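The structure under discussion is supplied below as structure tokens; questions concerning it will follow.
The values are calculated or read from the model by the stated rules, or taken from the named source; none is laboratory data. This structure is a prediction, so every number in the text was calculated from the model and none was measured. Here the Cβ positions follow ideal geometry from the backbone for every residue, glycine too, while neighbour counts run over all protein chains shown. Accessible surface is based on the protein model in full, side chains and every heavy atom, while ligands, DNA and RNA are left aside. Shrake-Rupley method; radii C 1.70, N 1.55, O 1.52, S 1.80 Å.
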Amino acid sequence: LSDAPELWRLCSAISKSNSSLHSRARSTRLDLERFDAWLCHPLNGGIGLIDTLAGQAPLQDKKRIAADKAQVRADALDRARAALGGGTDREWIEHWIASLLNQDGTLGGRVAVDALGVATQVLALLPVDGMSLTELAELATGDTKALTGGGAAKLVLDALSLRENVPRPVDPVGIRALWETAGVSVDAVSSRVLVLGYRVAETHTVARWLNEAADEGVPFPVTVDMLARGPLTNSSSTVFVCENVAVLAAAARSLGSNCASLICTDGQPSAAVHRLLAARAPGTTIEWRADFDWAGMHMVTRALTRYDAVPWRMDVDSYRRALDARNSEPLKGHPTDTPWDPELAAALRDSGRAVMEERLIPDLLADLRLGPAD
């Protein structure tokens, strides 16, 4: 029946009516009961339609298969929502899930169910404190290679870019930095935190380096590798956190050894930042600030949640004093609320302008200067 003319004659033989058939027709309607009877005739093979199909081309319920696939994808989406829905930071989760959906609310065909499952398991564990990528993969899935490329790693990075309110990086340096915002150490030597005046209680080698640098007023980079070599417990009751290196550089230049304990995240907090703060002394007050932009607001909000930090000059009055349209830039990214000062988010929306924290350096230095009692 593979020959086209023979197939046509077969269709003509079993069709209810041949009057409408002609050589240029592309289809015809068959009476399956008559077709079955025709196939059962000894001259035509003596095997009925069902047996013929079972032996040559098994029937498939395409509607059922499609429905089953749709249900598998819907179940995967429900599991992702359930696994990530218990936290307090819902905004980025909703943005991420929305990015995975078709217009009708179903899971997009480009998203592999298995990859989504792995990504969800990983995201449910974040943030971590300096854990390596392979350790994270093993903990989340039992497979150390689950995040070495592929769809799962891409989905996690897409989610982190939305959480951090930054563009999705494509270069290795940017990808490593994005992993580090969740405390994941892709490279224990490259991941670092820059500190000034950060004195610690311990006396091992790295601790001595920190204390000597603080006494000399020298900025000191601390890597994840250094943090793994022994505890580093701050001896000061208050630790300040800034976003931009320019603030730390100004403090080193102006205050030197009279600077309070200062940590610079140098953008989004790295794995080293999180690991250092995870080892903070009980009762430590963490004063945290960032740029007056949406990414900075997201960063401070997470710091308040994760470390019970307090905002450091992140109030609406500080923003308005620093606002100068001639030297500011348009706000970018996803707006967010500022629960510690609701008027701040409103002011940002009204002005539509971002203010970098360098403009507040004189005020910040006044806060960082150690007094006689310190």
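Please indicate, with yes or no, whether at least one residue in segment 217-226 is touching a Lys or Arg at 6+ places or on another chain (Cβ under 7 Å) and either under 27 Å from R359 (Cα atoms) or surrounded by fewer than 15 Cβ atoms within 10 Å (Cβ to Cβ) (or both).
There is at least one residue in segment 217-226 that is touching a Lys or Arg at 6+ places or on another chain (Cβ under 7 Å) and either under 27 Å from R359 (Cα atoms) or surrounded by fewer than 15 Cβ atoms within 10 Å (Cβ to Cβ) (or both).
Of all residues in segment 74-85, how many are more than 25 Å from R168 (Cα to Cα) and modelled with pLDDT under 80?
0
Return a yes/no flag: does segment 291-311 have any residue that is basic (K, R), more than 20 Å from I263 (Cα to Cα) and at pLDDT below 95.
Within segment 291-311, none of the residues are basic (K, R), more than 20 Å from I263 (Cα to Cα) and at pLDDT below 95.
Now a separate question. From V241, V273, grab the single residue that is outside any helix (DSSP H, G or I) and surrounded by 23 or more Cβ atoms within 10 Å (Cβ to Cβ).
Result: V241 is the single residue among V241, V273 that is outside any helix (DSSP H, G or I) and surrounded by 23 or more Cβ atoms within 10 Å (Cβ to Cβ).
Report yes if L262 is touching a strand residue (DSSP E or B) at 6+ places or on another chain (Cβ under 8 Å), open to solvent by less than 10 Å² (accessible area, probe 1.4 Å) and under 27 Å from R320 (Cβ atoms), otherwise no.
So L262 fits the description; yes.
Also, I was wondering about something else. Is at least one residue of segment 277-289 assigned to a strand (DSSP E or B), of a type outside the set (D, E) and in contact with a Leu (Cβ under 9 Å, 6 or more places away or on another chain)?
There is at least one residue in segment 277-289 that is assigned to a strand (DSSP E or B), of a type outside the set (D, E) and in contact with a Leu (Cβ under 9 Å, 6 or more places away or on another chain).
Separate question: Are there any pairs with C-beta distances below 7 angstrom linking a residue in segment 109-125 that is under 18 Å from G142 (Cα atoms) to a residue that is outside any helix (DSSP H, G or I) and open to solvent by less than 30 Å² (accessible area, probe 1.4 Å), with the two at least 6 apart or on different chains, and if so which?
Sorted first by the residue in segment 109-125, then by its partner, the pairs are V118/A146; V122/L147.
Here's a follow-up. What helices (runs of 4 or more DSSP H) completely inside segment 290-374 contain at least 1 residues that are closer than 27 Å to H95 by Cα and open to solvent by 70 Å² or more (accessible area, probe 1.4 Å)?
It comes to 294-307, 342-351.
Could we say that T203 is open to solvent by 40 Å² or more (accessible area, probe 1.4 Å) and either polar (S, T, N, Q) or farther than 21 Å from L136 by Cβ (or both) here?
Against the criterion (open to solvent by 40 Å² or more (accessible area, probe 1.4 Å) and either polar (S, T, N, Q) or farther than 21 Å from L136 by Cβ (or both)), T203 qualifies.
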